[in-house]
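Read through the structure below, which is laid out as structure tokens, and then see the notes.
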Amino acid sequence: MDFKLSEEQEMFRAAVRGFAEKHLAKGALARAHQAEHPFDVAKLMAKQGLMGIAMPEADGGQGGTLMDAIIAIEAIAEFCPRSADVIQAGNFGPVRVLAEYGTPDQKKRYLSRILSGEAVTCVGMTEPDAGSAVTDLTTTATPDGAGYRINGVKVFQTHASVAEMMLTYVRFGPGIGGIGSVLIPRNAEGFRQGKAAKFFNGEEWVQTYLDNVYVGPEDVLLKEGGFKKQIAGFNVERIGNTARSLALGRYAYEQARQWAMQRKQFGKLLCEFQGLQWKFADMKIKLDAGQLLIYRAVANAVNGIPSGEDTAIAKAFCNQAGFDLCNEAMQIMGGMGYTEETLVEYCFRKCRGWMIAGGSIEILKNRIAEAVFERSFSQRPPKPAKS
Ligand SMILES: Cc1cc2nc3c(=O)[nH]c(=O)nc-3n(C[C@H](O)[C@H](O)[C@H](O)COP(=O)(O)OP(=O)(O)OC[C@H]3O[C@@H](n4cnc5c(N)ncnc54)[C@H](O)[C@@H]3O)c2cc1C
């Protein structure tokens, strides 16, 4: 067992850090408070080879590994927390599911624009009555000629208000086996969105109405029976979310560490008070433990897809750790940490959202408990007895 990155990985990290320091560090505060997706950063990253890092070169990717993509998220977040979202959008999110299961034609039409940084996509899983219980989704795909008519409502999709296409979970038939997915461009007839509102992290969310939207056979991604594949691909999105939680926690920790080494009260530096030293010790333990859990999930990944169990453990731990790190950093920095003049409050707001998004901490713990007891625990009420 070796806990060190390889020489190539260290070189890659140094190159991404160099890029981030030169191009992203300066505007980091302003970027965090900008509502729009930073397409300028995305285009710059595309030129730098930071989009599609773990995707095959034949698909327009870089032919690297999932570990490389994780290194990129960490190195970018060190200088610009908001720009880590761009690495997510170009490597870990629905883009990865599209790259994994899409046809050559689908990749040509949608993937190339995402990998060039000109477009983003979004994933439509959550519905008003299907959140944690995502398999309760009711958006239907009804056969119509060679294609399907889609009807339903989606909520909370990251990037929904700008995404060129929504990778949409739909129901072709009853039960989990009836779930699959289709690609719906935002200019499709019947694709309509409500008024934009804001999450606590500053991002926009909108409600999307799919009113009899026609999807041709060329835009079906996974037919019925595709749910397991879809969720396996979603583990990549989850591990990106996990890495951002820890990376933003690390950013806040570093801000607090610097502060504690220069801020004096009672004639002493803050870092000289044992009450604060122990906070830093606890933070360091969380950072190291979270890092190891992420690297384990990624090192054990098969064909670039981490297992459900490793991902759940890493995500549950790092979502909590990221939030705790930001919270403690804010406390250590006092009033200054609570202002919008530092990025600590931004990291705090972002990390809070990841405790809910992409499988809440509670749902992940349910998954972990199933691994502990090697059995499933139905979360649903018992079926009524047959009379
Ligand atoms: C920042 C952000 C980004 C998001 N991005 C996307 C996106 O891109 N695409 C998308 O489709 N959705 C997205 N979502 C939605 C997200 O996936 C859901 O919010 C999440 O699955 C929880 O669903 P819910 O909000 O309906 O809460 P509910 O399912 O109603 O849950 C409410 C609370 O009850 C707990 N709970 C529910 N069931 C159980 C149980 N069986 N055991 C224990 N506790 C339970 C939950 O953990 C939660 O704390 C995003 C959400 C956020 C906050």
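The values are calculated or read from the model by the stated rules, or taken from the named source; none is laboratory data. Quick caveat: nothing in here was measured; it's all calculated off a predicted structure. Using ideal geometry, Cβ is built from the backbone for each residue, glycine included, and neighbour counts are taken over all protein chains shown.
Mind listing just one residue for me: the one in the stretch 335-378 that is surrounded by 19 or more Cβ atoms within 10 Å (Cβ to Cβ) and of a type in the set (Ser, Thr, Tyr) and, of those, farthest from the chain's Cα centre (by Cα)? Within the stretch 335-378, the match that is farthest from the chain's Cα centre (by Cα) is Thr342.
Of all the listed residues (Ala281, Ala247), the sole one being at pLDDT 95 or above and surrounded by fewer than 21 Cβ atoms within 10 Å (Cβ to Cβ) is Ala281. Residues in the stretch 194-209 that are within 13 Å of the ligand (Cβ to nearest atom) and surrounded by 13 or more Cβ atoms within 10 Å (Cβ to Cβ): Phe199, Asn201, Gly202, Glu203, Glu204, Trp205, Val206, Gln207, Thr208.
Restricted to the stretch 1-119, the set of helices (runs of 4 or more DSSP H) holding at least 1 residues that are without any contact (Cβ under 8 Å) to a residue 12 or more places away in the chain, within 20 Å of Arg250 (Cα to Cα) and of a type in the set (A, V, I, L, M, F, W, C) comprises 7-23, 28-32. Being touching a Phe, Trp or Tyr at 6+ places or on another chain (Cβ under 9 Å), of a type in the set (Asp, Glu), surrounded by 14 or more Cβ atoms within 10 Å (Cβ to Cβ) and outside the structural domain of Gly240 (by TED's automatic domain parsing) holds for only one residue in Glu189, Glu164, Glu100, and it is Glu164. Does Arg109 satisfy the condition of being within 16 Å of the ligand (Cβ to nearest atom), touching a helix residue (DSSP H, G or I) at 6+ places or on another chain (Cβ under 9 Å) and within 30 Å of Lys43 (Cα to Cα)? Here the answer is no, as Arg109 does not meet what is asked. Here is a check on your reading of the model: is Ala329 surrounded by 22 or more Cβ atoms within 10 Å (Cβ to Cβ), touching a Phe, Trp or Tyr at 6+ places or on another chain (Cβ under 6 Å) and of a type outside the set (Val, Ile, Thr)? So Ala329 fits the description; yes. Each residue in the stretch 333-354 was checked for being closer than 24 Å to Ile239 by Cα and free of Cβ contacts under 8 Å to residues at least 40 places away in the same chain, and 1 of them qualify. For the stretch 129-193, the strands (runs of 3 or more DSSP E) that sit wholly inside it and include 2 or more residues that are among the small types (Gly, Ala, Ser) and within 16 Å of the ligand (Cβ to nearest atom) are 179-185. Checking each residue in the stretch 26-57 for being at pLDDT 95 or above, small (Gly, Ala, Ser) and exposed (fewer than 13 other Cβ atoms within 10 Å of the Cβ) picks out only Ala30.
Of everything listed in (1) within 16 Å of the ligand (Cβ to nearest atom); (2) free of Cβ contacts under 8 Å to residues at least 12 places away in the same chain; (3) among the acidic types (Asp, Glu), the single unmet condition for Asp288 is (1). Just checking, does the stretch 150-164 include any residue being among the hydrophobic types (A, V, I, L, M, F, W, C), at negative phi and in contact with a His (Cβ under 8 Å, 6 or more places away or on another chain)? Looking for residues that are among the hydrophobic types (A, V, I, L, M, F, W, C), at negative phi and in contact with a His (Cβ under 8 Å, 6 or more places away or on another chain), one finds at least one in the stretch 150-164, hence yes.
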